[in-house]
Amino acid sequence: MNQHSRFNLPLCLVVEEDIFTRTDEAVKQYLPEIEGKKSLVITEKFLHDLYGDIVSEIQSDYNNAEVFEVVHADFDEAVRIAKKICIDDIKVVIGFGGGRVLDVAKYASYVSKAVYICLPTNLSNDSLASPFAVLGTENGNRKTLACKIPTAILVDTTMIQKAPQIQTLGGIGDTIGKYTAVYDWSLAAKAEGKPVDDFAYSIAWMCYDSIAHFDEKNVNSISFLRTLARALVMGGLAMEIAGSSRPCSGSEHLFCHALEEYYPDIKISHGLAVALGTVGAANFQGRDDMKMLEVCRSYGLDLNPESYGIDKELFAQIWMRAASTRPDRVTILNNTELNREWLDEIYERMANN
Ligand SMILES: [Zn+2]
């Protein structure tokens, strides 16, 4: 072990068809000590109803685990679950769901020091393996909280094929965003006089490359879903190694944050908002923004802002406010004098692509 590194990696990562019918076989080789320990499955009602058979199977595989259905997916609920885990002597938490459920499960298991097994039901963004949880706090606000990456991650490609395709497209968007995120990270490191972590940097680039240059552009094929699952998990590991979200989050994410925080009426997933932000970010960085448009189009990911209810005026406003969402973050926006004409031009290119 390198004496200078201080990061955790998951003990196991399995990406396989129908793995959710036998997660215990995969996990217990790595974690034999969880045999017979009290366990809790964290999911939500909708998924419990939809995948009742799989949830029952998971319950019986983990010592007749109790099921908790998340309702609010906020900080208070995560802490309430953590309290229950501690009081009931639960040692294993199994998160079964999408981003909201998994963030609650991740944070609750972190606070209660339980083993956390992550079973995503879609591939909509890279938070499934990141060392952060985004939870609702007060008055509709959300906060990114540092926690631990999962102990084990199992991705069932058969399950992902059943998820709405728009969620998979979100995962592609979050991965494409690394193209501009690593560039902004380098800028920030230079400004702060610190080196970037070379391994986290390389991993993030490889995530981007694996999706941007994948030959078969069929978002429902098993081979593509395997690649996307690994790219999202590796993105989480890049954050863990870097000790921050910087390898995966630059100005394209500031666009997404501005959209989420200032314009909550625009309903768009995290990954799609990131993909929209990547075009402007690449343009400000003086890089090839047409490439972003081409890659997204090749997967059927629509980057016309109009399709999401964002007109020219709103698009400009979102970019103008983007830097204010995380004022302590150095990105290309610190060196960019945005003006309406420039933003309109980018909008036109996205709308007419
Ligand atoms: Zn993201």
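The values are calculated or read from the model by the stated rules, or taken from the named source; none is laboratory data. The structure displayed is predicted, hence computed values, not measured ones. Cβ coordinates were reconstructed from backbone atoms using ideal geometry, including for glycine residues, and neighbour counts include every protein chain displayed.
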**Prompt:** How many residues does region 114-131 contain that are modelled with pLDDT under 95 and within 13 Å of the ligand (Cβ to nearest atom)?
**Reply:** 6
**Request:** Return a yes/no flag: does region 71-80 have any residue that is in contact with a Ser or Thr (Cβ under 6 Å, 6 or more places away or on another chain), modelled with pLDDT of 95 or more, away from the ligand (no atom under 16 Å from the Cβ) and farther than 20 Å from residue 236 by Cβ.
**Result:** yes
**Request:** Looking only at region 100-110, decide whether some residue is aromatic (Phe, Trp, Tyr), assigned to a helix (DSSP H, G or I) and either surrounded by fewer than 16 Cβ atoms within 10 Å (Cβ to Cβ) or under 17 Å from the mean Cα position of the chain (by Cα) (or both).
**Result:** yes
**Prompt:** With (1) within 23 Å of residue 212 (Cβ to Cβ); (2) surrounded by 23 or more Cβ atoms within 10 Å (Cβ to Cβ); (3) not small (Gly, Ala, Ser) as the list, and residue 161 as the residue in question, which single condition is left unmet?
**Reply:** (2)
**Asked** Which of the residues belonging to region 143-166 are out of contact with any helix residue (DSSP H, G or I) (no Cβ under 8 Å at 6 or more places or on another chain) and either assigned to a strand (DSSP E or B) or within 16 Å of the ligand (Cβ to nearest atom) (or both)?
**Response** 144, 146
**Request:** Output the residue which, of all residues in region 254-276 that are more than 13 Å from the ligand (Cβ to nearest atom) and part of a helix (DSSP H, G or I), is surrounded by the most Cβ atoms within 10 Å (Cβ to Cβ).
**Result:** 258
**Message:** Whether any residue in region 320-332 is in contact with a His (Cβ under 8 Å, 6 or more places away or on another chain) and either of a type in the set (A, V, I, L, M) or surrounded by 20 or more Cβ atoms within 10 Å (Cβ to Cβ) (or both) is what I want to check.
**Reply:** yes
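Table: residues versus (1) more than 24 Å from residue 160 (Cα to Cα); (2) within 16 Å of the ligand (Cβ to nearest atom); (3) of a type in the set (Lys, Arg).
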{"site": "185", "(1), (2), (3)": "yes, yes, no"}
{"site": "188", "(1), (2), (3)": "yes, no, no"}
{"site": "193", "(1), (2), (3)": "yes, no, no"}
{"site": "207", "(1), (2), (3)": "no, yes, no"}
{"site": "216", "(1), (2), (3)": "no, no, no"}
{"site": "219", "(1), (2), (3)": "no, no, no"}
{"site": "241", "(1), (2), (3)": "yes, no, no"}
**Complete:** The one condition residue 174 fails out of (1) under 24 Å from residue 59 (Cα atoms); (2) of a type in the set (D, E, K, R); (3) modelled with pLDDT of 95 or more is (1)
**Fill in**
Across region 47-99, the tally of residues that are more than 21 Å from the chain's Cα centre (by Cα) and of a type in the set (Phe, Trp, Tyr) stands at 3
**Message:** Out of 174, 197, I need the residue that is of a type outside the set (Ser, Thr, Tyr), touching a residue at least 12 places away in the same chain (Cβ under 8 Å), surrounded by fewer than 24 Cβ atoms within 10 Å (Cβ to Cβ) and closer than 23 Å to residue 278 by Cβ. Which one?
**Reply:** 197
**region 217-234, residues that are under 14 Å from residue 122 (Cα atoms) and touching a residue at least 24 places away in the same chain (Cβ under 8 Å)** = 219, 220, 222, 225, 226, 228, 229, 230, 231, 232, 233
**Request:** Return the total of residues in region 243-253 being within 11 Å of the ligand (Cβ to nearest atom), assigned to a helix (DSSP H, G or I) and under 21 Å from residue 321 (Cβ atoms).
**Result:** 2
